[in-house]
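The values are calculated or read from the model by the stated rules, or taken from the named source; none is laboratory data. Please read all numbers here as calculations on a predicted model, not as lab measurements. All Cβ positions, even for glycine, are placed from backbone atoms using ideal geometry, and neighbour counts span all protein chains on display.
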Amino acid sequence: MHPRPYGRKTPRPSTAAALFGTVVALLALLLPGAASAGSVDATDSAESTGPAAVALPGGKANWVVSVGRLQDTSDAVRPPTWTRLGYYVFGTDGTVSTQYWQWGQADQAPRINAKKADCGGAVPVCDVRTADGFTAAPTGAYRGTYTHTPGGKLTVVWRTGATGAALPRPLTEHWDVTAGLASGDVARITSPTFYPGVQDSPTRPGPVQFPAPGEFSDYEANFGVGYGSNAPLTAQSRTSMSALVSDARYNARHYLGSFVSIGSGKVHREWAGGYFTFGARDGENTANPWKPCPDGGCIGYLQHDTGCKDVNYPDKDRVRYLAEIGGGRQTASEYWCQTLTKGAKDCYLANSHVQPMLQVVGDSGRFYGWVGVEASPHVDTRTLQPTEFWTQYYFGIFDQVSYEELRPLIPVRAVVPQAPATDFRLDYGNSNAIGYLRWPRGGAEGPVTYSGRNRPVSGCRYAEFTAYAADGTSVSSTSSQFCAGNPNATVRDFAGTLTLPGTNPGPVRRVKVVYWVSDQPGEWRPGPETTCTATGCS
């Protein structure tokens with residue numbers, strides 16, 4: 001499923017009071033020559049030349065980024081939580097700029113209609129709603145500078161606001177960088193504790209770990225995630241909603257991620273996405289696919305077997321919509337329970353979950369998912385006016401991206417219980433390889449897939465996978481070699497498929513995983529190993 005529920009006077013880093021000017025003035029200051037967020041292009045930043053050129057983070061100029069402050073809330077005090085969604089554009093001259101939308105719990109931003117969804121079938125014909133302001137161009141801006149520090153760290157320092165005037169004090173962010181995703185098509189930045197730790201349960205998200213003071217920012221921001229490429233940040237670069245249903249590049253993917261949110265007054269973690277696919281392949285919705293609107297600009301879905309419950313109204317489906325909006329990479333996501341209406345075709349107008357999102361697009365133009373925020377205030381169901389029951393507001397920060405290609409650092413079994421999966425972990429000193437193997441259902445013949453991440457603390461490391469049939473037939477595959485001290489990343493994701501040779505080799509019975517280590521150039525030796533079957537690793 002999509003992230004669970006949870007607003008607009010501008011939520012506020014402490015220096016945000018004077019950040020907003022007119023859109024025209026903002027864009028003129030932020031990106032000279034730009035007419036809208038849709039006109040931001042890598043050429044604005046990536047073609048600087050000269051001896052002082054700075055390496056782009058992960059080699060990418062144009063980013064979609066979600067960031068904010070999530071803080072426990074009570075009904076007695078106006079809440080400090082805010083979320084920000086926007087574009088970061090990096091130049092090789094060491095400058096960086098952002099345009100953004102921002103919402104805070106205390107702002108009580110209303111839900112607004114973004115697009116009428118007429119998806120057919122049993123999906124109600126309703127307006128897809130989003131947070132106030134998201135259908136227009138961004139209204140906030142910063143400009144600043146950035147540097148790389150050892151260990152894959154990116155430091156961004158915001159120095160001026162939307163008017164071009166210096167901020168009362170610079171605002172600093174420290175990001176972890178993961179380069180080379182999807183064969184180099186995309187890179188990722190995360191706040192230090194955005195993803196769960198490696199000890200988290202594979203079936204439960206576990207508690208949220210807040211960053212230490214100053215670890216992520218020297219102002220209020222405490223969580224963030226972003227994805228970058230060199231594709232332009234234009235409406236033309238985004239993928240249509242109908243293509244998610246019909247295009248074979250996208251319709252069988254699972255779009256998953258981490259969702260750090262506040263609901264019921266407490267900050268917690270959930271998983272973004274779920275076990276459905278847009279094309280109804282290999283998911284829980286094979287007999288109930290997402291349905292496109294006639295113009296291709298939105299899709300709708302009735303998600304069965306959810307937590308929607310009401311003894312008075314037995315319809316337990318969750319209604320979900322996605323719609324293309326605005327002049328950049330915007331997508332409006334909304335969902336609500338049909339039990340909250342009095343009829344299956346009725347529209348729910350009160351406390352739905354609205355989630356502004358920006359598409360993740362690679363250098364190749366390929367769509368990989370979204371980063372987004374939740375900005376859902378609580379309203380009185382009779383008057384539809386905001387209440388100050390702050391604990392009923394839902395706000396959050398998430399990524400929801402192709403698990404198969406971008407490998408968000410979450411345990412896939414928590415959200416995709418589709419086939420047997422066995423987890424492995426190999427430690428060599430402080431270095432480790434962590435991942436899982438996924439097996440064909442029912443012990444059938446077919447490939448075994450593996451995925452995980454390699455984290456070398458010293459030297460160079462890689463993982464080797466060898467699959468065996470009952471008769472001894474085997475096939476091997478390895479991750480890439482990765483060395484400590486890489487300036488762009490501290491970990492490297494890996495994934496692959498093990499397909500036994502021959503016409504009838506039988507099913508894979510076991511897979512041996514070996515962690516190879518090198519502490520001297522050119523000298524490799526086998527390190528720890530484990531043997532896995534569909535029931536576990538030993």
Exercise for the section: Look through segment 278-295, keep the residues that are modelled with pLDDT of 90 or more and assigned to a loop (DSSP other than H, G, I, E, B), and return whichever of them is surrounded by the fewest Cβ atoms within 10 Å (Cβ to Cβ). Expected result: 294
Problem - Residue match in segment 451-463 (condition: of a type in the set (Val, Ile, Thr), under 29 Å from the mean Cα position of the chain (by Cα) and part of a strand (DSSP E or B)) - result: no
Completion exercise
Flagged in segment 239-262 as surrounded by fewer than 23 Cβ atoms within 10 Å (Cβ to Cβ) and either in contact with a Ser or Thr (Cβ under 8 Å, 6 or more places away or on another chain) or of a type in the set (S, T, N, Q) (or both), in numbering order, are 239, 240, 242, 246, 247, 250, 251, 252, 254
Handout entry: strands (runs of 3 or more DSSP E) contained entirely in segment 328-433, each with at least 1 residues that are modelled with pLDDT of 95 or more and of a type in the set (Asp, Glu)
Key = 330-337, 367-376, 394-402
Exercise for the section: Report, by residue number, each residue of segment 508-529 that is surrounded by fewer than 17 Cβ atoms within 10 Å (Cβ to Cβ) and either among the polar types (S, T, N, Q) or modelled with pLDDT under 90 (or both). Expected result: 520, 521, 522
Problem - Tally, over segment 74-89, of residues that are in a loop (DSSP other than H, G, I, E, B) and small (Gly, Ala, Ser) - result: 2
Exercise for the section: Of all residues in segment 140-183, count the ones that are more than 23 Å from the chain's Cα centre (by Cα) and of a type in the set (S, T, N, Q). Expected result: 5
Handout entry: So residue 451, is it at pLDDT below 95 and within 20 Å of residue 188 (Cβ to Cβ)
Key = yes
